[in-house]
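Report on one structure; see the data block that follows.
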Amino acid sequence: MGEVPLLKELYAQYKDQGVVFIGISLDEDQKKLEEMVASKGISWPQVWDADGSLVTLFNIKGTPTYYLLDRDGTIAAKRITIEKLSSSITDLLKK
Amino acid sequence: MAGACFVTNLMRRRRVNSNVACHEINLQHTWGKMKRKIIAQLFGSLLGLMFLLTLMTRAQNKPPKLDDPELDRVQAMISQAKKESGQFSKSGSKASEPNNPNLKWAATLWEYRNKHPDTPASAIATTEALRLLVRADRISEMQTKADTVKLDEAAWKRAIYVLVEAAANKKDYNYLISKTQALSQTAVDPEIKVFAHITLGDAYWKSGDTAQARVAFQAVVTKYPKTPYAEEAEGNLMEIELLNPGQPAPQFARTTIKGDPISLAGFKGRVVVLKFWGTY
């Protein structure tokens, strides 16, 4: 939540360089998520994990949690901080 | 990473933010349960409401049953310690300095423990004394004291979190491993036993020993089947097996909140950032 402004900056910086952001929400109901996305002006796609299946698939233990995937869909990094995210994306784009 | 803690599967199901300290969640949970009970009584029937009103009238004369004055006493010490330590760190002092008020309060709470063995208030005093030592950067002193807490004591229910915090601060998991190993075998409370066992797995995992982590998680799955702990251990075993950097990310296809189909396969050739989050 507190990371949204920083994430928006990263999104603006990378969206035209072949980087995709996907938000996966653990919220109890979709309405809360929709309101937040609208009020914060979040423009990347959002998935509501209604049945918790994505939480199970990626073994998520808390939020926020980031997974970073390279161009081949391989896991490049997981559970990294938002501070680390930027440099990790830059490294991946150089490859 | 002060305040960070392991988030158990139990909490995951309740979708709790990992930044909230675990012991606070436990307290809130108890209060939440109480509140639900009270609400159920209120709406149960008019009779129930009248009954409650009678109780409340009585409560004005007598303190409510749940109020343990000893618990209040210990809680007062803890809040005072928190206040003083807040002022101390605001003044720019380092946690390890000898005049850290956490040290004085750790000693006071430990003295309380020694004078009042085996009470609920004493269990809290024990845990908080250990926690304050960690927050004053006195890890080895904390460990010496923790070694005098018998393995069958109820204090371990919360004190395990203190050991986790100390290990994470110092990136040294040896003490946490040895203690949770002992607790997983000899604790009397089954809840402490299983929690120690899964924490043992986490500790091995964080220390880089995935082989031993696997053994511990597998044991939790076998010994405590169909529990949230077994489910958590299974998730961890899967992650150790399949979710490492260099391995293909699990595929998924969903619909976004705007109604558009979205799948990982559709983003081949692009770098993908997945952010799991919640608005809470």
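A short reminder: the numbers here are calculations on the coordinates, not readings from a lab. Note that this is a predicted model, so its numbers are computed, not measured. Cβ: placed from backbone, ideal geometry, glycine included. Neighbour counts: every protein chain shown.
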Next item on the list: For A:ALA77, list long-range residues whose amide hydrogen, built 1.01 Å from N in the peptide plane, is under 5 Å from its own amide hydrogen.
Entry: A:LEU68
Item checked: Mean Cβ count within 10 Å, highest first, over the residues of peptides B:81-93, B:98-110, B:150-162 -> B:150-162, B:98-110, B:81-93
Note to self: Between B:THR210 and B:THR148, what is the label-point separation in nm under the 7 Å Cα-to-beta-carbon projection?
What the structure shows: 4.2 nm
Next item on the list: Return one number: the angle in degrees, 0 to 90 and rounded to the nearest 10, between the long axis of the Cα atoms of helix A:82-94 and the longest principal axis of the Cα atoms of chain A.
Entry: 50 degrees
Notebook entry, point to check: Which FRET efficiency, nearest 0.05, do A:ASP72 and A:LEU6 yield, Cβ-Cβ r, R0 22 Å?
Noted result: 0.25
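How large is Rg over Rh for segment B:183-280, taking Rg from the Cα atoms and Rh as the Kirkwood inverse mean of 1/r across Cα pairs?
Value, to two decimals: 1.11.
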Margin query: Applying a 10 Å radius around every beta-carbon, put A:43-51, B:119-127 in order of their mean neighbour count, most first.
Written below: B:119-127, A:43-51
Item checked: Virtual spin-label span in nm between A:LYS40 and B:ASP172, 7 Å along Cα→Cβ -> 3.8 nm
Check: Going down the table (B:LYS115/B:LYS145; B:LYS94/B:LYS170; B:LYS115/B:LYS157; A:LYS8/A:LYS95; A:LYS61/B:LYS171; A:LYS84/B:LYS275), which pairs top 18 Å between alpha carbons?
Finding: B:LYS115/B:LYS157; A:LYS8/A:LYS95; A:LYS61/B:LYS171
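If you place +1 on the Cβ of every Lys and Arg, -1 on the Cβ of every Asp and Glu, and leave all else neutral, what size is the dipole of segment A:4-89 about its Cα centre, to the nearest 20 Debye?
Dipole magnitude for segment A:4-89 comes out near 280 debye.
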Next item on the list: Kindly list the residues of segment A:63-95 that lie in the label zone of A:GLN13, defined by a backbone N under 15 Å from the point 7 Å along the Cα-to-C-beta vector.
Entry: A:81-94
Check: Quick one: if you stick a label point 7 Å off each Cα along the C-beta vector at B:ASN114 and B:LYS94, how many nm between them?
Finding: 2.9 nm
Note to self: Can you list residues from other chains, or at least 5 along the same chain, whose modelled amide H is less than 5 Å from the amide H of B:LEU151?
What the structure shows: none
Next item on the list: Search the structure for amide H atoms under 5 Å from the amide H of A:ILE24, placed 1.01 Å from N in the peptide plane, and list their residues when 5 or more places away or on another chain.
Entry: A:VAL47, B:LYS275, B:PHE276, B:TRP277
Item checked: Table column - 3J(HN,Hα) (Hz), segment A:39-56, Karplus curve with 6.51, -1.76, 1.60, x for Gly and Pro -> 5, 8, x, 7, 9, 7, x, 10, 10, 8, 7, 4, 9, x, 6, 6, 4, 5
Check: If you count, for every residue in A:36-49, the Cβ atoms of partner chains within 10 Å of its Cβ, what is the mean?
Finding: 3
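Can you tell me the length gained on complete extension of the stretch B:THR255 to B:ASP67, counting 0.36 nm per residue apart and subtracting the Cα distance?
Length difference between fully extended and current span is 62.7 nm.
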Next item on the list: Would you compute, for the Cα atoms of chain A, the largest minus smallest coordinate along each principal axis and list the three values in descending order, in whole Å?
Entry: 39, 28, 20
Notebook entry, point to check: Of B:ALA219, B:ALA253, B:THR199, which is farthest along the charge dipole of segment B:195-253 in the positive direction, counting Lys and Arg as +1 and Asp and Glu as -1 at C-beta?
Noted result: B:ALA219
